[in-house]
1. Hey, how much of the P(r) for region 58-121 falls beyond 16 Å, as a percent of Cα pairs?
2. Roughly how tilted is helix 154-165, in degrees to the nearest 10 and between 0 and 90, from the longest Cα axis of the chain?
3. When the helices in the chain are scored as -39500 (n - 2.57) per DSSP H run of 4 or longer and the sum is shared across all residues, what 222 nm value do you end up with, to the nearest 500 deg cm²/dmol?
4. Just GLY177, GLY96, GLY207 to compare: in a GNM of the chain, with alpha carbon springs under 10 Å, which one fluctuates most?
5. Order by neighbour count: ASP126, ASP191, ASP176, ASP30, fewest other Cβ atoms within 10 Å first, most last.
6. What is the angle, in °, between the Cα long axis of helix 68-81 and the longest principal axis of the Cα atoms in the chain? Nearest 10 is fine, range 0 to 90.
7. Rounded to the nearest 5, what % of DSSP beta bridges with both residues in the chain are antiparallel?
8. Could you check the simple spin-label distance between ILE21 and VAL259, using points 7 Å along Cα→Cβ, in nm with one decimal?
Amino acid sequence: MTRIAYVNGQYVPQSAATVHIEDRGYQFADGVYEVCIVVNGRYWDMEGHLARLQRSLNELQMAAPMDIEALKVVMGEVVRRNRLKNALVYMQVTRGVAPRNHPFPPEGTRPSLVITARRFDLDQSDAKAKTGVSVISQPDIRWGRVDIKTVGLLPNALAKQAAAEAGAAEALLVRDGVVTECSSSNAWIVDETGAIVTHPKTNRILGGITRQTAIACAEELQIKVIERPFTLEEAKAAPEVFITSATSFVMPVISVDGVRIGSGKPGPVAMRLREAYKARAARG
């Protein structure tokens, strides 16, 4: 079946979807994005993702292409036209099309909006969680405002490629000896007391929506949450390591740079938290 995309007011075959060569997203990575998951026809954490999209726009002084309720309608229509029950929905907003010049274009320039949807395999995600994933470490060479979810992802792509070449699923990003997050997910460890530890929300990490929901789930399960930096050495010595993102939910890590984590199998805290996250997200 032909995939359908939404591009600036039109639903078009994805193979024919285009943006102008002077779109500022293409010229300057002057754009932001969000990814939402649909499971069994229900969006998981939608409100959080849309709130973060608005925050990203505000931080970059970028106009929204439409109001939130209209955006929800378009998202739903893209999913419907692609006949998807389980989907990954991608939204990208840029500052629009204007002659190439570093300063912002004139006020009133129309923002560009692209929305696509593709199948999300929940069973595959669950199967991966049962075995756990391996990660490697990479230097964090990203810009100073990674708390804004921009399309400027070249450093992330380089880190993810290094992980792929090493046969790993993710890359832990390290700056000044501290693990900030991963190339496309937030990073966590379980300490010796059973508490879960993750980097605090600063401009050094993207405040994950799944991260926030995972914290809420941990509090419900009476698992202590500590938001503090931790080192790569701490991660390698931790009883458990896991990552969180919209597409991986809570994913156990079984090795870091080839060093076995705990027993080398998914840990009980991560698996318990994963099930709690899925239950919470499913009920909305």
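Values in this text are rule-based calculations from the coordinates and carry no lab data. Bear in mind the structure is a predicted one, so any value in this text is a computation, not a measurement. Reconstructed Cβ throughout: ideal geometry from the backbone, glycine too, with neighbour counts over all protein chains shown.
1. 54
2. 50
3. Rounded to the nearest 500, it is -9500 deg cm²/dmol.
4. The residue that fluctuates most here is GLY177.
5. Result, fewest neighbours first: ASP176, ASP126, ASP191, ASP30.
6. With rounding to tens, the tilt is 80 degrees.
7. Expressed as a percentage, antiparallel bridges in the chain total about 80.
8. 5.0
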